[in-house]
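Below: the structure, in structure tokens.
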Amino acid sequence: MLRVGERVPDALLDAHVVDARGTSQRLADWWGDARTLTLFVRHFGCAGCAVHVHEAAGRLPELSDLGVATFVVGCGTPAHAARFVDRMALEGIGLTVLTDPSLAAQRAAGLTRSGWGAWGVVPIVRSARLWLEGFPTHLPAGDTSQQGGTLLLDRRRSVRFFHASARLGDNASMSDVMEAALAMAGEHSLLP
């Protein structure tokens, strides 16, 4: 499990992820030298994940102003990722969607893999509510048992915020993420 203040493990940095066009690189190479926010989604058809990405997309201008590059990492195929980008209208908004069908990145981040997190009573009720709010669940597009998470890193690849989701809809609060991003940016501005 990742801990705030610690550096991410090499296994996460070295995990190969693929974009919607099929370009494969180490996650560290996608991140580059930027501060990064990475949203790990359960799968690309998950309604709870769509809500999480939608909320983060609304904060992209603020994150960009703070020097934070934003990524989404799922676990379906590149074609699943491409359909997710189209369905969510994510093209050209400053958010990079990647996928790791091997789940190596998710394992390295210590994210939960649980069928009950996807199919228990709470997730099913949550899915129904999200459908009523305009976020339908689509056909599975990746591993439905893999749970998501939220990871904010500074340029040294130290964890500044981490939330591992226990079940569908257990998303980190974007207010908490923004608070951590502001604190990180404030510390940077104090450096010579």
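The values are calculated or read from the model by the stated rules, or taken from the named source; none is laboratory data. Note that the structure is a prediction, hence the values are computed from the model and not measured. So basically every Cβ, Gly included, is an ideal-geometry build from the backbone, and we count neighbours across all protein chains shown.
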* Asked: Filter the range 50-71 for residues that are in a helix (DSSP H, G or I), of a type in the set (G, A, S) and in contact with a strand residue (DSSP E or B) (Cβ under 9 Å, 6 or more places away or on another chain); which is nearest to R35 (Cα to Cα)?
  -> S64
* **All positions within the range 72-111 that are in a loop (DSSP other than H, G, I, E, B), over 22 Å from A11 (Cα atoms) and in contact (Cβ under 8 Å) with a residue 12 or more places away in the chain** => L90, I93, G94
* Structure fact -> Within the range 1-39, residues part of a loop (DSSP other than H, G, I, E, B) and either surrounded by 13 or more Cβ atoms within 10 Å (Cβ to Cβ) or among the hydroxyl-bearing types (S, T, Y) (or both) come out as L2, V8, P9, A15, A20, T23, A34
* Identify the single condition in (1) farther than 18 Å from A164 by Cα; (2) in contact with a strand residue (DSSP E or B) (Cβ under 9 Å, 6 or more places away or on another chain); (3) at pLDDT 95 or above that L12 does not satisfy, given that it satisfies every other one. => (1)
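Let's see how each residue does on (1) under 26 Å from A104 (Cβ atoms); (2) modelled with pLDDT under 60; (3) in contact with a Phe, Trp or Tyr (Cβ under 8 Å, 6 or more places away or on another chain):
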| position | (1), (2), (3) |
| --- | --- |
| V121 | no, yes, no |
| V125 | no, no, no |
| F135 | no, no, no |
| A141 | yes, no, yes |
| G148 | yes, no, yes |
